[in-house]
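Scroll down for the structure; my scribbles are underneath it.
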Amino acid sequence: MKKIKIGLLGCGTVGQGVYELLKLNKNKYLPLLEGTELEIVKILVNDLKKERGDIPVGLLTTNPYEIIHNEEIDVVIEVIGGTTNAEEYILDAIKNGKHIITANKDLMATKGQNILEQGNKYGKVVRYEASVAGAIPIISTIKEDLVSNQITKVMGIINGTTNFILTKMFAEGRSLDSVLKEAQDLGYAEADPTSDIEGLDAARKIAILASIAFNRRVKLSDVYVEGITKISVDDVNYAKQFKSTIKLLGIAILKENAIEVRVYPTLLPLTHPLANVDDVYNAVYLEGNAFGDLTLIGKGAGGLPTASAVVSDLLSIAKIINKGSIEVENCSCYLDLEIKKIEDTSSHYYFRMVVVDKTRVLSKIADAFADNFVSIDSVIQKKLPDGKAELVILTDRVLNKNMQSAREQIENLDVVLEIKSVLNSEKEY
Ligand code: NAP
Ligand code: HSE
């Protein structure tokens with residue numbers, strides 16, 4: 001029987017998921033590929049002695065060149081993560097005639113353009129569906145199924161770890177630190193979970209999605225990023241009072257020939273399609289000029305869910321190999337649109353501050369907002385001990401630079417003891 005031979009770079013959460021899925025659905029794949037068999041022939045790891053379930057030890061190697069320079073291998077799947085080795089191995093594998101599948105958003109958001117161009121140059125397909133939102137087929141949906149539209153907005157919960165943490169903070173009143181360990185044990189978090197909780201992982205993914213949606217290469221360095229480390233249980237409780245939740249969102253908008261692209265924790269009304277997407281689930285809400293809006297929801301991390309995307313890419317490459325015609329169209333970024341600075345974007349904002357509890361405090365704060373063209377939507381005030389009060393204010397939609405100057409002015413008021421947090425808030429959708 002004809003075989004398509006696969007080299008797996010990495011055998012951790014995703015690598016083992018890929019191995020398991022190929023075994024689980026082997027009988028479904030055979031007729032799809034007209035009898036061609038998919039076979040993993042080598043797997044790169046760091047540590048040959050680690051326990052890896054039923055994966056035969058004989059498949060493992062610590063020598064990457066047994067895969068990337070192996071003439072019998074057709075497809076290389078990169079799931080080692082990181083950028084240094086992964087980039088080197090992928091570029092080398094392309095030059096050595098391998099098609100590539102990667103789940104590596106870190107790499108695609110920083111070096112994606114070069115990798116896709118090298119794929120084009122050598123006539124090799126590069127697929128990276130698993131790099132964004134795990135099991136959700138978001139890249140192929142935007143690239144192929146919605147290609148008839150101009151996408152105008154992409155807004156997503158695209159980091160499973162932070163969604164898991166925020167969900168537990170809301171449901172159980174637990175602190176961030178106490179939930180993070182659980183997310184690590186479940187295999188959701190990155191090797192260094194700082195990139196999850198500081199928003200970098202989501203920033204990489206929204207850079208990839210914005211590039212595809214707007215046909216303009218957006219790099220990680222183009223994305224404005226804030227993580228969830230400053231969110232406290234107090235913010236969670238106030239969000240509930242506003243009939244809202246807090247989600248870490250990746251947002252990309254195309255407006256008047258310019259792009260906005262950012263990641264930050266955002267208050268979302270409970271009626272928003274993304275508001276009840278909880279735990280490790282991811283979701284991407286899209287707006288386009290023909291379909292209107294749609295939302296895709298699915299598991300954003302974990303072995304089998306991520307393998308679902310990797311193996312779907314593998315099947316589509318296998319079909320291309322079987323047909324014998326390689327139509328390589330890896331990169332679709334042909335526009336040169338301006339990327340707006342965060343100061344020039346607009347949002348609703350949530351301010352939480354501790355103030356002196358006496359007369360005229362509210363009016364001084366309202367004046368500071370008004371001086372900077374920031375209008376107030378609603379206010380909650382709570383008495384604290386020792387002559388203090390906590391004030392929570394939601395603004396109307398205003399320019400970020402006006403919010404920043406209002407914040408500076410308020411920070412300098414003698415009646416304001418501390419601004420505890422400022423968050424973005426989405427009201428219209
Ligand atoms: P992981 O569990 O840490 O596994 C990494 C694997 O790669 C391990 O088997 C490790 O070997 C091997 N490895 C790492 N560096 C290596 C090197 N230089 N040489 C040889 N072997 C090396 O990582 P993962 O969670 O599977 O993630 C893999 C990739 O998928 C990352 O890019 C990640 O961002 C992405 N991703 C992950 C998820 C998820 O849910 N985990 C979802 C979507 C995308 P040892 O086992 O011997 O240590
Ligand atoms: N650490 C990532 C997350 C894995 O939590 O979403 C999936 O990319």
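Table for the structure above
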read-out	value
From PHE369, PHE373, residue being touching a helix residue (DSSP H, G or I) at 6+ places or on another chain (Cβ under 9 Å) and open to solvent by less than 70 Å² (accessible area, probe 1.4 Å)	PHE369
Check on ILE297, closer than 30 Å to TYR334 by Cα and within 16 Å of ligand 2 (Cβ to nearest atom)	yes
The lone exception for GLY123 - which of (1) within 16 Å of ligand 2 (Cβ to nearest atom); (2) on the phi > 0 side of the Ramachandran plot it fails	(1)
Members of segment 348-403 that are under 38 Å from the mean Cα position of the chain (by Cα) and of a type in the set (Ser, Thr, Tyr)	TYR349, TYR350, SER375, SER378, THR395
Number of positions in segment 17-36 that are over 15 Å from VAL76 (Cα atoms), more than 22 Å from the chain's Cα centre (by Cα) and within 16 Å of ligand 1 (Cβ to nearest atom)	2
Where a residue in segment 182-199 is near ligand 1 (Cβ under 9 Å from one of its atoms) and its partner, wherever it lies, is open to solvent by 20 Å² or more (accessible area, probe 1.4 Å) and in a loop (DSSP other than H, G, I, E, B), with Cβ under 8 Å and at least six apart	GLU190/GLY81; ALA191/GLY81; ALA191/GLY82
Test: residue in segment 56-67 that is under 27 Å from PRO137 (Cα atoms) and away from ligand 2 (no atom under 16 Å from the Cβ)	no
Among the candidates GLY160, GLY199, residue that is small (Gly, Ala, Ser), within 11 Å of ligand 2 (Cβ to nearest atom) and buried (at least 20 other Cβ atoms within 10 Å of the Cβ)	GLY160
Unmet requirement for HIS99, which otherwise passes all of (1) within 16 Å of ligand 2 (Cβ to nearest atom); (2) touching a residue at least 60 places away in the same chain (Cβ under 8 Å); (3) crowded, with 19+ Cβ neighbours inside 10 Å	(1)
Which listed residue, of THR84, THR62, is open to solvent by 70 Å² or more (accessible area, probe 1.4 Å), closer than 25 Å to GLY112 by Cβ, within 16 Å of ligand 1 (Cβ to nearest atom) and β-branched (Val, Ile, Thr)	THR84
Residue tally, condition open to solvent by less than 10 Å² (accessible area, probe 1.4 Å) and within 16 Å of ligand 1 (Cβ to nearest atom), over segment 268-279	0
Tally, over segment 171-196, of residues that are in a helix (DSSP H, G or I), over 18 Å from LEU107 (Cβ atoms) and either open to solvent by less than 40 Å² (accessible area, probe 1.4 Å) or of a type in the set (Phe, Trp, Tyr) (or both)	4
Qualifying residue in segment 291-313 (condition: open to solvent by less than 40 Å² (accessible area, probe 1.4 Å) and aromatic (Phe, Trp, Tyr))	no
Residue among VAL392, VAL379 that is among the aliphatic types (A, V, I, L, M), touching a residue at least 12 places away in the same chain (Cβ under 8 Å) and either open to solvent by 30 Å² or more (accessible area, probe 1.4 Å) or within 30 Å of ARG216 (Cβ to Cβ) (or both)	VAL379
Filtered residues of segment 28-59 (kept if under 16 Å from LEU314 (Cβ atoms) and open to solvent by 100 Å² or more (accessible area, probe 1.4 Å))	LYS28, GLU34
Given (1) away from ligand 2 (no atom under 16 Å from the Cβ); (2) open to solvent by 20 Å² or more (accessible area, probe 1.4 Å); (3) among the hydrophobic types (A, V, I, L, M, F, W, C), number of the condition CYS11 does not satisfy	(2)
Within segment 119-138, considering residues that are open to solvent by less than 40 Å² (accessible area, probe 1.4 Å) and assigned to a helix (DSSP H, G or I), the one farthest from ligand 1 (Cβ to nearest atom)	GLY119
Evaluation of LYS168 against (1) assigned to a loop (DSSP other than H, G, I, E, B); (2) open to solvent by 30 Å² or more (accessible area, probe 1.4 Å); (3) touching a helix residue (DSSP H, G or I) at 6+ places or on another chain (Cβ under 6 Å) (one fails), failing number	(1)
Segment 202-238, subset in contact with a Leu (Cβ under 8 Å, 6 or more places away or on another chain) and in a loop (DSSP other than H, G, I, E, B), residue surrounded by the fewest Cβ atoms within 10 Å (Cβ to Cβ)	THR229
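The values are calculated or read from the model by the stated rules, or taken from the named source; none is laboratory data. The model shown is predicted, which means the values in this text are computed figures rather than measured ones. Every residue, glycine as well, gets a Cβ built from its backbone with ideal geometry; the counts of neighbours run over all protein chains shown. For accessibility, only protein heavy atoms count, side chains too; no ligands or nucleic acids. Shrake-Rupley method; radii C 1.70, N 1.55, O 1.52, S 1.80 Å.
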